[in-house]
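To start, the structure itself, in structure tokens.
Quick note: the coordinates plus some simple rules give every number you see, no bench work behind them. Computed from a predicted structure; not experimentally measured. Note that we place each Cβ from the backbone using ideal geometry, even for glycine, and neighbour counts take in every protein chain shown.
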Amino acid sequence: MTKIKNKILSYANNPIVKREIKQTFRKAKIFWILAVYLFALAGISFMVLTSLSGTYDGYNPMLPSVMYFVILGMQMLLLTVITPISTSTAISGEKERQTFDLLIITKTSMYDIIMGKLLSSLMITVIMIILSMPVYAVVFYYGGVSVIQFLLNQVYLLCYTSMVGSLGIVFSTVMRKSTAASTATIALIFAMTIGVWIAIGMLGVMTFALTQSEVPLKIVCTLFMFNPIISFISMVDSQMGTNASWEILDEIGYTFENDVIYFWHINMLLYCVITHFLVKFAAKRIAPMRKK
């Protein structure tokens, strides 16, 4: 317990985190990003509220759940775009500003440097989650969504955001230019989400055209289980009592069903493991530079 406490205190006192937060909030860009983020969430929630309320003369019982998951999906989409763009400039931006040499000659370890960059971006994510509370308050006003569900979903978003952010940091250590790192990160995330769906669809069509039969693509379908879109649908299933994620996987040849453990539970742990290894890899990438 003491080791965990000391670890948390070391992260809180990380000089990279303090420096990044000071530099970030001195720029007007971050406030514009937060404003656009809130405007998008509030606008989507208002559209859903007015569209669903207009279909009933009285109270629509589906309003809280549908509105909640639309806002949650919009929040996940925005974080998927904003986080990697901010973290993909973590190291490459230092090189472009010619401050990277000053950074690596400090006594701070390479791992703490990378973790500091990642934690500073996650703090922005936490701020975004806190700022979105008034939008979610509209849903809680109507009821139908528990606070426990909300907190679990936000923990999932933090785990997912940390994985996406660590991908951006890895590309930032590999590539010299921030633009190239951001483009590569967004392209990889697109491949992980939409690209998997396109690949499975093309493989299914090619398989049927060549063999005139539907062949279960077990390897591809296993990877498909960890798709963020499937994970989000699984999260909706677990809280609304639906079976959309099971049915999607069953149609493409993978049958698995469990009433206790859902895909998003497994993926949340998987995101943490991937984040750990990506941070380790990024720290090793910049370690030889200190020796030079």
q = 0.17, 0.22, 0.24 Å⁻¹: log10 I(q)/I(0) that the Debye formula gives for the stretch 137-203, counting C-alpha atoms only:
-0.77, -0.90, -0.96
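Give me the extension gain from Phe226 to Leu131: residue separation times 0.36 nm, minus the current Cα-Cα distance, reported in nm with one decimal.
31.3 nm
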A correct Karplus calculation of ³J(HN,Hα) over the stretch 121-131, with 6.51 cos²θ - 1.76 cosθ + 1.60, θ = phi - 60°, whole Hz and x for Gly and Pro, returns 6, 5, 5, 5, 4, 4, 4, 4, 5, 5, 5
Members of Lys27/Lys284; Lys107/Lys280; Lys27/Lys280; Lys22/Lys95 lying beyond 26 Å, as alpha-carbon distances in this model show:
Lys27/Lys284; Lys27/Lys280
Span from the the stretch 81-133 Cα centroid across to the the stretch 139-205 one, whole angstrom
17 Å
Ordering of 173-185, 75-87 by packing [mean C-beta count within 10 Å, highest first]:
75-87, 173-185
Distant alpha-carbon pairs in the stretch 56-207 (separation over 19 angstrom), percent
62 percent
